[in-house]
Structures are given as structure tokens and as C-alpha cells.
Amino acid sequence: SKADLDHFAEREHYGWYMLKFNFGWSYGSGEGKTSPNLVPWENLNENVKEANRLTFKNLPKICEDPNVGLKIVRSE
């Protein structure tokens, strides 16, 4: 569903945010270790949100590639 997709896209962004933050990145113009996307999900522009949604939508296909060998399943 759209709600599920947004939830997981937001979680994907949060994971990326924390990884960058933990390696010393900060909010900025993109020079050096800065990114204009180091903001909470609700502050991202819609194009970046859509890129996160697309990443999550493609995850099952990526995981099921024979070279990766993983599968995503919904748990209850």
C-alpha cells in the first residue's frame, strides 16, 4: 500500500541519515561531507522522497537476483 511504501521509504532514509551522521556528515550544500538531504523525512523535497520510495520498491527485485540470493517476505 502507499502507506506501507511511505513507511519503509522513510525508514530507508533514516538508515541512510544515521549512517552519514555517524561518519561525520552534516547538513549543507553538498561540499565535502555535507548533504542537503540530511534532514528528517518530513523536510525532504518530494523528488528525494520519491527516490527513496523507488529504492524500496526495487528492493525485492535486487534481493532476489541470483547473485544476491535473498528474499523479502511479509511477517505477521
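The values are calculated or read from the model by the stated rules, or taken from the named source; none is laboratory data. Keep in mind it's a predicted model, so treat the numbers as computed, not measured. Cβ coordinates were reconstructed from backbone atoms using ideal geometry, including for glycine residues, and neighbour counts include every protein chain displayed. Note: areas computed on protein heavy atoms with side chains; ligands, DNA, RNA excluded. Shrake-Rupley method; radii C 1.70, N 1.55, O 1.52, S 1.80 Å.
Structural remarks
- Cβ-Cβ distances below 6 Å connect the following pairs, each with a first residue in region 1-25 that is farther than 18 Å from Asn45 by Cβ and free of Cβ contacts under 8 Å to residues at least 24 places away in the same chain, a second residue that is open to solvent by 60 Å² or more (accessible area, probe 1.4 Å) and in a loop (DSSP other than H, G, I, E, B), and a separation of six or more residues or different chains: Gly24/Lys33; Trp25/Lys33.
- Scanning region 38-51 for residues that are in contact (Cβ under 8 Å) with a residue 12 or more places away in the chain and either among the polar types (S, T, N, Q) or more than 13 Å from Glu10 (Cβ to Cβ) (or both) gives a single hit, Leu38.
- Subset of region 6-36 [on the phi > 0 side of the Ramachandran plot and open to solvent by 100 Å² or more (accessible area, probe 1.4 Å)]: none
- Count of region 52-76 residues, restricted to those that are of a type in the set (Val, Ile, Thr), without any contact (Cβ under 8 Å) to a residue 12 or more places away in the chain and in a loop (DSSP other than H, G, I, E, B), is 2.
- Counting only residues that are at pLDDT 85 or above, in contact with a helix residue (DSSP H, G or I) (Cβ under 7 Å, 6 or more places away or on another chain) and under 15 Å from Glu12 (Cβ atoms), region 58-76 holds 0 of them.
- Whichever residue in region 38-63 is under 11 Å from the mean Cα position of the chain (by Cα) and among the polar types (S, T, N, Q) and, among such residues, is most open to solvent (accessible area, probe 1.4 Å): Thr55
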